[in-house]
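Heads up, the thing below is written out as C-alpha coordinates.
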Amino acid sequence: MFNQDIVKPENLVYKKTDVLTDKIMHYCPGCGHGTTHRIIAEVIEEMGIQDKAICIAPVGCSVLAYNYFEVDSLGAAHGRAPALATAIQRLNPDHHTFTYQGDGDLAAIGTAETIHACNRGENIVIIFINNGIYGMTGGQMAPTTLIGMQTATSPYGRTVELNGYPLQITELLAQLPGTYFVTRQSVHTSAAVRKAKKAVRQAFENQKNKKGTSFVEVVSNCNSGWKMTAPKANEWMVENMFVKYPIGDIKVDGEIVQK
Amino acid sequence: MAVKGTVVIDKERCKGCGVCVVACPKSVLALAKNVNGKGYNYSEAIIDECIGCASCAMVCPDGVITVYKEKK
Ligand SMILES: Cc1ncc(C[n+]2csc(CCOP(=O)(O)OP(=O)(O)O)c2C)c(N)n1
Ligand code: SF4
Ligand code: SF4
Ligand code: SF4
(Lines give C-alpha, C1' and ligand atoms only; values in the text may rest on other atoms or scores of the structure.)
(Ligands and ions follow the chains in the order given, each with its own letter.)
Protein backbone atom coordinates (compact mmCIF):
# COMPACT_ATOMS: atom_id res chain seq x y z
CA MET A 1 0.00 0.00 0.00
CA PHE A 2 1.16 3.52 -0.82
CA ASN A 3 1.37 6.42 1.65
CA GLN A 4 0.64 4.33 4.71
CA ASP A 5 1.96 7.23 6.81
CA ILE A 6 -1.14 9.36 6.12
CA VAL A 7 -3.59 6.76 7.42
CA LYS A 8 -4.61 8.77 10.50
CA PRO A 9 -8.03 9.81 11.81
CA GLU A 10 -7.40 13.49 11.01
CA ASN A 11 -6.86 12.63 7.34
CA LEU A 12 -9.99 10.52 6.98
CA VAL A 13 -12.08 11.54 3.96
CA TYR A 14 -14.48 8.66 3.60
CA LYS A 15 -15.45 5.50 5.44
CA LYS A 16 -18.51 3.26 5.47
CA THR A 17 -21.22 4.65 7.75
CA ASP A 18 -22.15 2.81 10.94
CA VAL A 19 -25.82 3.02 9.94
CA LEU A 20 -24.94 0.03 7.75
CA THR A 21 -24.13 -3.17 9.60
CA ASP A 22 -20.86 -4.99 9.00
CA LYS A 23 -22.63 -7.93 7.36
CA ILE A 24 -21.40 -8.66 3.85
CA MET A 25 -24.27 -7.90 1.51
CA HIS A 26 -25.59 -10.80 -0.53
CA TYR A 27 -25.93 -8.66 -3.67
CA CYS A 28 -24.04 -9.60 -6.83
CA PRO A 29 -20.70 -7.83 -7.41
CA GLY A 30 -21.27 -4.26 -8.60
CA CYS A 31 -25.05 -4.23 -8.04
CA GLY A 32 -26.54 -0.76 -7.46
CA HIS A 33 -28.61 -2.08 -4.55
CA GLY A 34 -25.51 -1.88 -2.32
CA THR A 35 -24.63 1.66 -3.39
CA THR A 36 -28.21 2.83 -2.88
CA HIS A 37 -28.31 1.25 0.59
CA ARG A 38 -25.14 3.15 1.42
CA ILE A 39 -26.44 6.59 0.45
CA ILE A 40 -29.70 6.07 2.34
CA ALA A 41 -27.70 5.05 5.43
CA GLU A 42 -25.42 8.06 5.04
CA VAL A 43 -28.40 10.41 4.87
CA ILE A 44 -29.90 8.81 7.99
CA GLU A 45 -26.59 9.32 9.77
CA GLU A 46 -26.17 12.93 8.61
CA MET A 47 -29.72 13.84 9.65
CA GLY A 48 -29.31 12.12 13.02
CA ILE A 49 -32.52 10.11 12.57
CA GLN A 50 -31.21 6.58 13.09
CA ASP A 51 -33.53 5.96 16.06
CA LYS A 52 -36.52 7.27 14.07
CA ALA A 53 -35.92 5.62 10.71
CA ILE A 54 -38.03 2.57 9.87
CA CYS A 55 -37.19 0.54 6.79
CA ILE A 56 -39.89 -1.42 5.01
CA ALA A 57 -38.15 -4.11 2.99
CA PRO A 58 -39.83 -5.56 -0.11
CA VAL A 59 -39.79 -8.92 -1.82
CA GLY A 60 -37.05 -9.05 -4.41
CA CYS A 61 -33.27 -9.03 -4.20
CA SER A 62 -33.49 -6.45 -1.42
CA VAL A 63 -35.76 -8.69 0.69
CA LEU A 64 -32.94 -8.92 3.24
CA ALA A 65 -32.33 -5.14 3.39
CA TYR A 66 -33.09 -5.24 7.11
CA ASN A 67 -29.88 -7.20 7.63
CA TYR A 68 -27.90 -4.23 6.39
CA PHE A 69 -29.64 -1.11 7.72
CA GLU A 70 -28.93 -0.58 11.40
CA VAL A 71 -32.48 0.74 11.92
CA ASP A 72 -35.84 -0.77 12.85
CA SER A 73 -37.20 -2.70 9.89
CA LEU A 74 -40.15 -4.73 8.71
CA GLY A 75 -40.61 -7.01 5.73
CA ALA A 76 -43.76 -6.47 3.68
CA ALA A 77 -45.63 -8.98 1.55
CA HIS A 78 -44.71 -8.65 -2.13
CA GLY A 79 -45.66 -5.16 -3.35
CA ARG A 80 -47.37 -4.13 -0.13
CA ALA A 81 -44.58 -2.00 1.32
CA PRO A 82 -46.40 1.34 0.77
CA ALA A 83 -49.50 -0.02 2.55
CA LEU A 84 -47.43 -1.20 5.51
CA ALA A 85 -45.50 2.07 5.52
CA THR A 86 -48.82 3.94 5.59
CA ALA A 87 -49.81 2.24 8.84
CA ILE A 88 -46.39 2.53 10.45
CA GLN A 89 -45.98 6.22 9.62
CA ARG A 90 -49.55 7.14 10.66
CA LEU A 91 -48.98 5.46 14.01
CA ASN A 92 -45.54 7.08 14.40
CA PRO A 93 -45.92 10.46 12.71
CA ASP A 94 -42.60 11.81 14.01
CA HIS A 95 -40.69 8.85 12.58
CA HIS A 96 -39.11 8.36 9.16
CA THR A 97 -40.72 5.37 7.48
CA PHE A 98 -39.29 4.53 4.09
CA THR A 99 -39.90 1.72 1.64
CA TYR A 100 -37.21 0.24 -0.53
CA GLN A 101 -38.65 -1.56 -3.56
CA GLY A 102 -37.69 -3.05 -6.92
CA ASP A 103 -39.63 -2.56 -10.14
CA GLY A 104 -41.31 -5.96 -9.93
CA ASP A 105 -42.40 -5.21 -6.39
CA LEU A 106 -43.45 -1.59 -6.87
CA ALA A 107 -44.64 -1.48 -10.49
CA ALA A 108 -46.12 -4.95 -11.03
CA ILE A 109 -47.63 -6.82 -8.08
CA GLY A 110 -47.70 -3.67 -5.91
CA THR A 111 -49.02 -1.16 -8.46
CA ALA A 112 -52.27 -0.60 -6.58
CA GLU A 113 -50.58 -0.03 -3.22
CA THR A 114 -48.03 2.29 -4.80
CA ILE A 115 -50.56 4.41 -6.63
CA HIS A 116 -53.00 4.69 -3.75
CA ALA A 117 -50.34 5.50 -1.13
CA CYS A 118 -48.98 8.22 -3.42
CA ASN A 119 -52.47 9.48 -4.22
CA ARG A 120 -53.31 9.71 -0.52
CA GLY A 121 -50.11 11.68 -0.10
CA GLU A 122 -48.90 9.47 2.72
CA ASN A 123 -45.98 11.10 4.50
CA ILE A 124 -43.54 8.37 3.51
CA VAL A 125 -40.35 8.09 1.47
CA ILE A 126 -40.37 5.55 -1.34
CA ILE A 127 -37.04 4.44 -2.81
CA PHE A 128 -37.61 2.66 -6.11
CA ILE A 129 -34.84 0.59 -7.70
CA ASN A 130 -35.55 0.26 -11.41
CA ASN A 131 -33.31 -2.32 -13.04
CA GLY A 132 -35.82 -3.29 -15.73
CA ILE A 133 -35.97 -6.92 -14.65
CA TYR A 134 -36.93 -9.33 -11.86
CA GLY A 135 -33.47 -9.88 -10.42
CA MET A 136 -34.18 -12.22 -7.54
CA THR A 137 -36.20 -14.82 -9.38
CA GLY A 138 -33.77 -15.22 -12.28
CA GLY A 139 -34.23 -12.34 -14.67
CA GLN A 140 -37.85 -12.39 -15.89
CA MET A 141 -39.44 -9.47 -17.74
CA ALA A 142 -40.69 -6.61 -15.57
CA PRO A 143 -43.19 -3.86 -16.49
CA THR A 144 -40.13 -1.61 -16.87
CA THR A 145 -38.25 -3.94 -19.25
CA LEU A 146 -37.22 -2.04 -22.39
CA ILE A 147 -38.55 -2.85 -25.86
CA GLY A 148 -36.20 -5.36 -27.46
CA MET A 149 -34.64 -6.33 -24.14
CA GLN A 150 -34.04 -10.05 -23.73
CA THR A 151 -35.06 -11.62 -20.45
CA ALA A 152 -35.86 -15.14 -19.32
CA THR A 153 -39.53 -14.59 -20.25
CA SER A 154 -38.86 -12.48 -23.37
CA PRO A 155 -36.00 -14.49 -24.89
CA TYR A 156 -36.43 -12.86 -28.31
CA GLY A 157 -36.74 -9.40 -26.81
CA ARG A 158 -39.78 -7.56 -25.44
CA THR A 159 -42.28 -6.48 -28.08
CA VAL A 160 -45.16 -4.01 -27.85
CA GLU A 161 -47.48 -6.46 -29.62
CA LEU A 162 -46.98 -9.17 -27.04
CA ASN A 163 -46.00 -7.32 -23.88
CA GLY A 164 -47.13 -3.72 -24.17
CA TYR A 165 -45.02 -0.66 -23.41
CA PRO A 166 -42.40 -0.18 -20.67
CA LEU A 167 -44.19 1.43 -17.73
CA GLN A 168 -42.92 4.87 -16.72
CA ILE A 169 -44.53 4.61 -13.33
CA THR A 170 -42.52 7.49 -11.93
CA GLU A 171 -43.95 9.99 -14.44
CA LEU A 172 -47.39 8.52 -13.74
CA LEU A 173 -47.02 9.02 -9.97
CA ALA A 174 -45.87 12.60 -10.48
CA GLN A 175 -49.36 13.35 -11.87
CA LEU A 176 -50.99 12.51 -8.54
CA PRO A 177 -51.68 15.41 -6.18
CA GLY A 178 -50.32 13.48 -3.18
CA THR A 179 -46.74 13.33 -4.43
CA TYR A 180 -44.64 16.30 -3.33
CA PHE A 181 -41.25 15.30 -4.67
CA VAL A 182 -40.61 12.88 -7.53
CA THR A 183 -37.15 12.39 -8.97
CA ARG A 184 -35.11 9.91 -10.99
CA GLN A 185 -31.47 9.31 -10.12
CA SER A 186 -28.68 6.79 -10.65
CA VAL A 187 -25.62 5.60 -8.73
CA HIS A 188 -23.14 4.53 -11.43
CA THR A 189 -20.60 7.38 -11.10
CA SER A 190 -19.38 9.37 -8.12
CA ALA A 191 -21.16 12.50 -9.43
CA ALA A 192 -24.39 10.54 -9.84
CA VAL A 193 -24.03 9.11 -6.33
CA ARG A 194 -23.65 12.60 -4.86
CA LYS A 195 -26.78 13.82 -6.70
CA ALA A 196 -28.78 10.76 -5.74
CA LYS A 197 -27.78 11.25 -2.13
CA LYS A 198 -28.96 14.87 -2.25
CA ALA A 199 -32.30 13.65 -3.61
CA VAL A 200 -32.65 11.08 -0.81
CA ARG A 201 -31.82 13.82 1.70
CA GLN A 202 -34.48 16.06 0.15
CA ALA A 203 -37.01 13.25 0.44
CA PHE A 204 -36.35 12.73 4.16
CA GLU A 205 -36.36 16.51 4.78
CA ASN A 206 -39.78 16.73 3.09
CA GLN A 207 -41.01 13.95 5.35
CA LYS A 208 -39.74 15.80 8.41
CA ASN A 209 -41.78 18.80 7.22
CA LYS A 210 -44.83 16.56 6.63
CA LYS A 211 -45.12 17.40 2.94
CA GLY A 212 -46.59 14.11 1.69
CA THR A 213 -45.05 11.44 -0.46
CA SER A 214 -41.49 11.73 -1.71
CA PHE A 215 -40.51 9.27 -4.41
CA VAL A 216 -36.92 8.63 -5.48
CA GLU A 217 -36.35 6.30 -8.41
CA VAL A 218 -32.83 4.96 -8.85
CA VAL A 219 -32.19 3.56 -12.32
CA SER A 220 -29.87 0.70 -11.53
CA ASN A 221 -28.05 -2.24 -13.04
CA CYS A 222 -28.74 -5.94 -12.72
CA ASN A 223 -25.48 -7.46 -13.86
CA SER A 224 -26.67 -11.00 -13.32
CA GLY A 225 -30.03 -10.54 -15.02
CA TRP A 226 -28.55 -8.57 -17.88
CA LYS A 227 -25.66 -11.04 -18.10
CA MET A 228 -22.90 -8.42 -18.19
CA THR A 229 -19.96 -7.40 -16.04
CA ALA A 230 -20.72 -4.51 -13.68
CA PRO A 231 -18.84 -1.83 -15.68
CA LYS A 232 -20.44 -3.07 -18.92
CA ALA A 233 -23.89 -3.09 -17.30
CA ASN A 234 -23.40 0.52 -16.22
CA GLU A 235 -22.50 1.51 -19.79
CA TRP A 236 -25.50 -0.36 -21.15
CA MET A 237 -27.69 1.36 -18.59
CA VAL A 238 -26.55 4.81 -19.70
CA GLU A 239 -27.04 3.99 -23.38
CA ASN A 240 -30.39 2.24 -23.09
CA MET A 241 -32.16 2.67 -19.74
CA PHE A 242 -31.53 6.43 -19.54
CA VAL A 243 -33.25 6.94 -22.91
CA LYS A 244 -36.55 5.59 -21.63
CA TYR A 245 -35.92 6.66 -18.03
CA PRO A 246 -34.16 10.05 -18.20
CA ILE A 247 -32.37 11.20 -15.07
CA GLY A 248 -33.56 14.32 -13.28
CA ASP A 249 -36.27 15.82 -11.10
CA ILE A 250 -39.84 15.28 -12.28
CA LYS A 251 -41.78 17.06 -9.54
CA VAL A 252 -40.34 19.47 -6.98
CA ASP A 253 -42.25 21.15 -4.12
CA GLY A 254 -45.48 19.71 -5.49
CA GLU A 255 -45.00 21.23 -8.96
CA ILE A 256 -44.18 19.30 -12.15
CA VAL A 257 -40.79 20.40 -13.49
CA GLN A 258 -41.31 21.90 -16.97
CA LYS A 259 -38.74 20.52 -19.43
CA MET B 1 0.20 22.25 -3.56
CA ALA B 2 0.26 18.57 -4.38
CA VAL B 3 -2.38 16.48 -2.73
CA LYS B 4 -1.44 13.14 -1.28
CA GLY B 5 -4.13 10.54 -0.75
CA THR B 6 -4.45 6.87 -0.10
CA VAL B 7 -7.07 4.17 -0.03
CA VAL B 8 -7.42 1.30 2.40
CA ILE B 9 -9.25 -1.56 0.73
CA ASP B 10 -10.76 -4.28 2.91
CA LYS B 11 -9.86 -6.99 0.43
CA GLU B 12 -11.83 -9.77 2.10
CA ARG B 13 -15.06 -7.73 1.64
CA CYS B 14 -14.27 -6.79 -1.96
CA LYS B 15 -16.26 -8.57 -4.67
CA GLY B 16 -13.95 -7.61 -7.53
CA CYS B 17 -16.73 -5.89 -9.48
CA GLY B 18 -14.36 -3.31 -10.93
CA VAL B 19 -16.62 -0.25 -10.73
CA CYS B 20 -14.04 1.53 -8.55
CA VAL B 21 -11.37 0.85 -11.18
CA VAL B 22 -13.47 2.66 -13.80
CA ALA B 23 -14.34 5.49 -11.40
CA CYS B 24 -10.79 6.48 -10.46
CA PRO B 25 -9.70 9.61 -12.37
CA LYS B 26 -6.03 8.78 -11.76
CA SER B 27 -6.10 5.11 -12.83
CA VAL B 28 -4.76 4.15 -9.42
CA LEU B 29 -6.79 0.98 -9.02
CA ALA B 30 -6.75 -2.39 -10.73
CA LEU B 31 -8.09 -5.85 -9.95
CA ALA B 32 -5.41 -8.09 -8.45
CA LYS B 33 -4.20 -11.28 -10.10
CA ASN B 34 -4.66 -12.97 -6.73
CA VAL B 35 -8.05 -13.74 -5.22
CA ASN B 36 -9.44 -13.28 -1.73
CA GLY B 37 -11.03 -15.94 0.46
CA LYS B 38 -14.25 -15.80 -1.57
CA GLY B 39 -12.41 -16.17 -4.86
CA TYR B 40 -12.78 -12.60 -6.04
CA ASN B 41 -9.97 -10.69 -7.74
CA TYR B 42 -9.93 -7.85 -5.25
CA SER B 43 -9.21 -4.21 -6.05
CA GLU B 44 -5.82 -2.73 -5.15
CA ALA B 45 -3.80 0.44 -5.70
CA ILE B 46 -1.10 -0.14 -8.31
CA ILE B 47 0.47 3.34 -8.56
CA ASP B 48 1.26 6.13 -6.11
CA GLU B 49 -1.04 8.74 -7.70
CA CYS B 50 -4.04 8.78 -5.36
CA ILE B 51 -5.45 12.27 -4.69
CA GLY B 52 -7.93 11.17 -2.06
CA CYS B 53 -10.96 12.25 -4.12
CA ALA B 54 -13.09 9.31 -2.86
CA SER B 55 -14.67 8.68 -6.28
CA CYS B 56 -13.87 5.00 -5.89
CA ALA B 57 -15.45 4.82 -2.45
CA MET B 58 -18.57 6.66 -3.67
CA VAL B 59 -19.35 4.01 -6.27
CA CYS B 60 -18.32 0.92 -4.30
CA PRO B 61 -21.56 -0.97 -3.57
CA ASP B 62 -20.00 -2.82 -0.66
CA GLY B 63 -18.45 0.04 1.31
CA VAL B 64 -15.06 -1.61 1.02
CA ILE B 65 -12.89 1.48 0.52
CA THR B 66 -11.73 3.93 3.20
CA VAL B 67 -10.05 7.10 1.90
CA TYR B 68 -7.46 9.37 3.50
CA LYS B 69 -6.06 12.66 2.23
CA GLU B 70 -3.26 14.94 3.36
CA LYS B 71 -2.00 18.23 1.91
CA LYS B 72 1.76 18.08 1.33
C1 LIG C 1 -46.85 -13.16 -3.82
C2 LIG C 1 -45.53 -13.45 -4.52
N3 LIG C 1 -45.52 -13.55 -5.86
C4 LIG C 1 -44.36 -13.79 -6.50
C5 LIG C 1 -43.19 -13.94 -5.81
C6 LIG C 1 -41.91 -14.23 -6.57
N7 LIG C 1 -41.02 -13.08 -6.64
C8 LIG C 1 -40.01 -12.91 -5.76
S9 LIG C 1 -39.09 -11.55 -6.07
C10 LIG C 1 -40.01 -11.18 -7.44
C11 LIG C 1 -39.71 -9.98 -8.30
C12 LIG C 1 -38.57 -9.17 -7.85
O13 LIG C 1 -38.21 -8.22 -8.79
P14 LIG C 1 -37.95 -6.69 -8.44
O15 LIG C 1 -39.00 -6.16 -7.57
O16 LIG C 1 -37.73 -5.99 -9.73
O17 LIG C 1 -36.62 -6.69 -7.56
P18 LIG C 1 -35.13 -7.12 -7.90
O19 LIG C 1 -35.02 -8.55 -7.48
O20 LIG C 1 -34.89 -6.90 -9.35
O21 LIG C 1 -34.30 -6.21 -7.05
C22 LIG C 1 -41.04 -12.11 -7.62
C23 LIG C 1 -41.99 -12.08 -8.73
C24 LIG C 1 -43.25 -13.85 -4.39
N25 LIG C 1 -42.15 -13.98 -3.64
N26 LIG C 1 -44.42 -13.59 -3.77
S1 SF4 D 1 -29.73 -10.36 -9.33
FE2 SF4 D 1 -29.49 -8.30 -10.17
S3 SF4 D 1 -30.59 -6.91 -8.77
FE4 SF4 D 1 -30.26 -8.88 -7.71
S5 SF4 D 1 -28.35 -8.61 -6.53
FE6 SF4 D 1 -27.82 -9.56 -8.50
S7 SF4 D 1 -27.33 -7.82 -9.86
FE8 SF4 D 1 -28.45 -7.00 -8.09
S1 SF4 E 1 -9.49 8.29 -3.85
FE2 SF4 E 1 -9.68 9.07 -5.96
S3 SF4 E 1 -7.59 9.00 -6.76
FE4 SF4 E 1 -7.59 7.74 -4.91
S5 SF4 E 1 -7.95 5.65 -5.67
FE6 SF4 E 1 -9.95 6.51 -5.15
S7 SF4 E 1 -10.72 7.39 -7.04
FE8 SF4 E 1 -8.51 7.05 -7.33
S1 SF4 F 1 -16.08 -1.27 -6.17
FE2 SF4 F 1 -15.78 -2.16 -4.12
S3 SF4 F 1 -16.37 -4.32 -4.33
FE4 SF4 F 1 -16.11 -3.51 -6.41
S5 SF4 F 1 -13.95 -4.01 -6.93
FE6 SF4 F 1 -13.97 -1.94 -6.06
S7 SF4 F 1 -13.56 -2.22 -3.87
FE8 SF4 F 1 -14.17 -4.21 -4.70
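The values are calculated or read from the model by the stated rules, or taken from the named source; none is laboratory data. Keep in mind it's a predicted model, so treat the numbers as computed, not measured. Neighbour counts run over all protein chains shown; Cβ positions are idealised from the backbone, glycine included. Keep in mind that these areas ignore ligands, DNA and RNA; they rest on the heavy atoms of the full protein, side chains included. Shrake-Rupley method; radii C 1.70, N 1.55, O 1.52, S 1.80 Å.
Using alpha carbons only, how many angstrom separate the centre of the range A:198-259 from the centre of the range A:54-84?
19 Å
Can you show me the helix-derived [θ] at 222 nm for chain B, built from DSSP H runs with n ≥ 4 at -39,500 (n - 2.57) apiece and divided by the number of residues, rounded to the nearest 500.
Calculated from helices alone, the mean residue ellipticity at 222 nm is -2500 deg cm²/dmol.
Would you calculate a helix-derived [θ] at 222 nm for chain A, using -39,500 (n - 2.57) for each DSSP H run of n ≥ 4 and dividing by the full residue count, to the nearest 500? List each step's numbers first, then the result.
Working: 8 runs with 77 residues, N = 259.
Calculated mean residue ellipticity at 222 nm is -8500 deg cm²/dmol.
Among A:128, A:242, A:98, which one shows the biggest mean-square fluctuation in a GNM of chain A, springs joining Cα atoms closer than 10 Å?
It is A:242.
Report the gain in length on full extension from residue A:191 to residue A:112: 0.36 nm times residue separation, minus Cα-Cα distance, nm rounded to one decimal.
On the way: separation 79, 0.36 × 79 = 28.44 nm, distance 3.39 nm.
Contour length minus the Cα-Cα distance gives 25.1 nm.
How are the alpha carbon pair distances in the range A:17-256 distributed across 5 Å bins from zero to the largest one, expressed in percent?
P(r) over the range A:17-256, rounded to whole percents: 1, 7, 15, 20, 22, 17, 11, 5, 2, 0.
Under 8 Å for C-alpha pairs, at least 6 residues apart: give me the relative contact order for the range A:160-228, rounded to a whole percent.
35 percent
If I build a Gaussian network model for chain A, linking alpha-carbon pairs within less than 10 angstrom, which residue out of A:217, A:45, A:161 has the largest mean-square fluctuation?
Highest fluctuation of the listed residues: A:161.
Keeping all protein chains in the complex and leaving out DNA, RNA and ligands, what accessible area do you get for residue A:26 with a 1.4 Å probe, in Å² to the nearest 10?
Per-residue accessible area (residue A:26): approximately 90 Å².
For the range A:1-57, rounded, prolate or oblate, judged on the Cα gyration tensor with a ≥ b ≥ c (square roots of eigenvalues), a/c < 1.5 rounded, else prolate if a/b > b/c? Before the final figure, lay out the partial values.
Details: a/c = 2.95, a/b = 1.44, b/c = 2.05.
Oblate is the answer for the range A:1-57, as a/c is 1.5 or above yet b/c matches or exceeds a/b.
What is the extension gain from residue A:46 to residue A:21, computed as 0.36 nm multiplied by their sequence separation minus the C-alpha to C-alpha distance, in nm to one decimal?
Stretched fully, the residue A:46-residue A:21 segment lengthens by 7.4 nm.
Go ahead and set up a Gaussian network model of chain A, Cα springs under 10 Å, then flag whichever of A:100, A:165, A:14 fluctuates most.
With Cα springs under 10 Å in chain A, the top fluctuation among A:100, A:165, A:14 is at A:14.
Enter the mean number of other protein chain beta carbons within 10 Å of the beta carbon of each residue in B:49-56, as an integer.
Rounded to a whole number, the mean comes out at 3.
In nm, to one decimal, how far is the residue A:159 label point from the residue A:78 one, both placed 7 Å along Cα→Cβ?
About 2.7 nm, to one decimal.
So how far, in whole Å, is the C-alpha centre of the range A:12-41 from the one of the range B:1-44?
Distance between centres, Cα-based: 16 Å.
Could you tell me the total accessible area buried at the B-A interface, probe 1.4 Å, in square angstrom to the nearest hundred?
When B and A are taken together, about 2800 Å² of accessible area is lost.
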